[in-house]
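Worksheet: one structure, shown below.
What follows is calculated from the coordinates using simple rules that are stated; it is not laboratory data. Worth saying up front: this structure is predicted, and the values here are computed from it rather than measured.
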Amino acid sequence: MNNGIIRPMLVEDLEAIMEIEIASFSTPWSVQAFKAELKDNEYARYSCLELDGKVIGYMGLWFILDEGHITNVAIAPNYRGQQWGEFLMRTVMAKMAAEGMERMTLEVRKSNSPAQSLYQRLGFTTAGVRKGYYADTGEDALIMWAELGMEVNKA
């Protein structure tokens, strides 16, 4: 993972971000939604994972008081299964903990076992269910929370 770089997302990254977004989600965000997050949302923190000068993943969250709500995280299909998602999330979680964030939450499709396994490795536990959360299928979402602390820094 030595040559992976995590840096703030820029508007100039959105072409690459949209390719990953469209490949990753059945109801992808629009480029306008990402632009609004980057330009207008003071709580938003969006990061890119860059490998050899190419954006291969991203993670977005809202930092409100001492909590983070992960809005999205995705890795380009050709780079999945190589621990880049874990690297990205561990790095961002450690950075946010250093900035005073105490806990994080996210929603994940009930059927998305690979993502749930990753989140569990990162210390997330299931705290509830949002019934019919995903508009495209009506699928339930698991609500997961993690307390941020020293275990996050074991990247």
In whole angstrom, note down how far apart the Cα centers of segment 75-89 and segment 22-58 are. 15 Å
What is the set of long-range amide H partners of Gly57 at a cut-off below 5 Å, with H atoms built 1.01 Å from backbone N? Leu49, Ala76
Can you work out the Karplus-derived ³J(HN,Hα) for every residue in segment 46-55? Use 6.51 cos²θ - 1.76 cosθ + 1.60 with θ = phi - 60°, whole Hz, and x for glycine or proline. 10, 10, 10, 9, 10, 10, 6, x, 10, 6
Amide H contacts of Leu148 (H built 1.01 Å from N, under 5 Å, at least 5 apart or other chain): Arg103, Met104
Mean projected area, convex hull of alpha-carbon positions in the chain, reported to one decimal in nm², is 8.8 nm²
